[in-house]
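Structure, as structure tokens:
The values are calculated or read from the model by the stated rules, or taken from the named source; none is laboratory data. Please read all numbers here as calculations on a predicted model, not as lab measurements. Glycine gets a Cβ as well: all are built from the backbone with ideal geometry, and neighbour counts include every protein chain shown. When the accessible area is computed, the model is the full protein with side chains, heavy atoms only, and any ligands, DNA or RNA have been set aside. Shrake-Rupley method; radii C 1.70, N 1.55, O 1.52, S 1.80 Å.
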Amino acid sequence: MPVWSLHGNGRTVERGRVVRPDERLNWPATIAIGAQHVIAMFGATFLVPVLTGFPVATTLLFSGLGTLLFLLVTKNRLPSYLGSSFAFIAPVTAATASAGMGSALAGIVAVGVLLAAVGFIVQFAGLGWIDRLMPPVVAGAIVALIGFNLAPVAWSNFEQSPVVGTITLASVILFSVLFRGFLGRISIFLGVIVGYLAALLFGEIDFTAVGEAAWVGLPEFQLADFASPGTWSAIAMFLPVVLVLIAENVGHVRGVAAMTDSSVNAYTGRALIADGAATTLAGFFGGSGTTTYGENIGVMAATRVYSTAAYWVAGTVAILLAMSPKIGAIFNSIPAGVLGGVTTALYGLIGIIGIKIWVDNRVDFSRPVNQYTGAVALVIAIAGFTMQWGDFQLGAIVLGAAAALVIYHLGNAIARWRQTGADDGGPIPAVGPLGGDPADSKPGDARRG
């Protein structure tokens with residue numbers, strides 16, 4: 001594991017350069033940047049346990065521990081904070097309701113183990129097989145359906161206090177377009193603060209639990225339950241989450257590589273192993289599943305500091321904050337209206353990320369295979385389809401993900417065998433510069449038939 005070398009004078013980032021993962025600024029600056037990473041991740045990380053009913057302090061503890069574990073597994077060369085993954089919200093909510101929190105934790109453990117196994121395969125075989133299994137049209141559909149499946153949950157909270165929910169939602173949107181840089185990236189966190197203040201003015205907050213909570217104490221732990229009858233059907237609901245975590249981790253590594261050094265891509269397998277191990281550890285003892293955080297990518301881009309030293313500070317700060325039950329009680333006091341407002345935006349954004357995958361990869365939706373891959377998966381998720389055989393139940397997320405995979409691969413096989421042209425012909429080639437006339441494109445630029 002490399003020892004950090006001092007970047008320049010240790011106080012400023014040299015013009016035209018970045019602070020590499022194996023460098024650092026002086027320790028006061030490094031500690032300040034590490035604390036900023038904690039602030040950046042806080043808004044998203046605390047929302048997941050609040051929405052799923054998990055203890056906030058426990059999730060924060062395993063978020064910090066997971067970050068330190070990630071740095072160890074990636075040999076201190078890949079800067080990342082591991083926060084709570086929104087992809088777990090839908091299966092955790094469903095599993096907790098049907099089989100209890102212990103079974104939901106077992107599902108998180110299963111995701112972690114499977115993600116780590118994928119990481120080992122990637123470490124030795126590369127990423128090509130993932131691209132073939134989950135091309136853009138499938139990946140986009142699976143990410144989108146996880147967000148849109150949560151729409152009824154957002155409404156159930158919003159309708160309990162529509163005024164506070166509207167204030168919160170409007171604040172999130174306003175801050176995202178009003179502020180530049182770091183403040184714009186934490187618009188969700190700022191929106192929650194405004195909504196919380198509004199709820200306070202309307203007398204919708206109960207501080208009883210906050211007053212009774214101690215300032216210092218251990219978080220609440222709960223063990224994963226693999227013995228309950230409903231556990232294994234609950235685990236099935238979690239399996240599509242693995243595909244989301246793969247996409248998030250791969251995207252994170254590629255983002256860091258683009259802004260620092262392409263050699264970082266060699267740590268993709270280790271990143272998946274590390275996140276899998278952190279998720280497994282959290283699931284065993286009562287924490288939320290983890291993932292690499294885009295919020296922290298934004299902080300690194302703004303500061304040009306990619307030092308892993310800052311993340312050792314961030315992980316340590318998160319662990320220390322987790323040792324205060326009173327902080328957890330404050331987060332648990334957030335009323336339903338605030339949660340409804342913020343999740344209306346948040347769950348929709350998860351769906352939009354999936355659609356962005358389609359747009360970025362120019363998915364050709366004139367082809368029936370692509371049309372039905374996306375269409376069927378999204379309707380299954382939004383409507384909340386379920387199938388049950390005795391005590392074993394499959395929820396909308398696993399059914400939607402399975403539908404996307406089967407329709408795409410089987411549909412392509414049949415269309416190519418019959419040569420009907422219904423198969424996925426690949427991304428639509430650009431016809432020319434934006435604003436240009438398609439008629440000006442060269443014959444070689446014509447769309448593939």
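General observations
- Of everything in the stretch 269-298 that is part of a helix (DSSP H, G or I), open to solvent by less than 10 Å² (accessible area, probe 1.4 Å) and among the polar types (S, T, N, Q), the residue that is modelled with the highest pLDDT is T279.
- Residue check, S441 out of contact with any Phe, Trp or Tyr (no Cβ under 7 Å at 6 or more places or on another chain), at pLDDT below 90 and surrounded by fewer than 19 Cβ atoms within 10 Å (Cβ to Cβ): yes
- Some residue of the stretch 46-64 being over 21 Å from A274 (Cα atoms) and either open to solvent by 40 Å² or more (accessible area, probe 1.4 Å) or among the basic types (K, R) (or both): yes
- Residues in the stretch 315-331 that are in a helix (DSSP H, G or I) and of a type in the set (A, V, I, L, M, F, W, C): V317, A318, I319, L320, L321, A322, I327, A329, I330, F331.
- Among the conditions (1) buried (at least 17 other Cβ atoms within 10 Å of the Cβ); (2) over 30 Å from T67 (Cβ atoms), the only one that V379 does not satisfy is (1).
- Candidates A90, A32 - the one that is modelled with pLDDT under 95 and surrounded by fewer than 24 Cβ atoms within 10 Å (Cβ to Cβ): A32
- Filter result for L320 (at pLDDT 85 or above and surrounded by fewer than 24 Cβ atoms within 10 Å (Cβ to Cβ)): yes
- Test set (1) open to solvent by 10 Å² or more (accessible area, probe 1.4 Å); (2) in contact with a strand residue (DSSP E or B) (Cβ under 6 Å, 6 or more places away or on another chain); (3) over 21 Å from T303 (Cβ atoms); (4) of a type outside the set (S, T, N, Q) - W4 fails condition number: (3)
- Candidate set: the stretch 93-102, residues that are in contact (Cβ under 8 Å) with a residue 60 or more places away in the chain and under 27 Å from A345 (Cα atoms); chosen: the one least open to solvent (accessible area, probe 1.4 Å): A95
- Scanning the stretch 65-82 for residues that are open to solvent by 10 Å² or more (accessible area, probe 1.4 Å), outside any helix (DSSP H, G or I) and at negative phi turns up just one, R77.
- Residue check for S85: touching a Leu at 6+ places or on another chain (Cβ under 8 Å), modelled with pLDDT under 90, among the small types (G, A, S) and open to solvent by less than 10 Å² (accessible area, probe 1.4 Å): yes
- Answer residue from the stretch 14-29, given it is farther than 17 Å from N296 by Cβ and in contact with a strand residue (DSSP E or B) (Cβ under 8 Å, 6 or more places away or on another chain) and is surrounded by the fewest Cβ atoms within 10 Å (Cβ to Cβ) among those: N26
- Residues being in contact (Cβ under 8 Å) with a residue 12 or more places away in the chain, surrounded by fewer than 22 Cβ atoms within 10 Å (Cβ to Cβ) and outside any helix (DSSP H, G or I) - total across the stretch 353-365: 3
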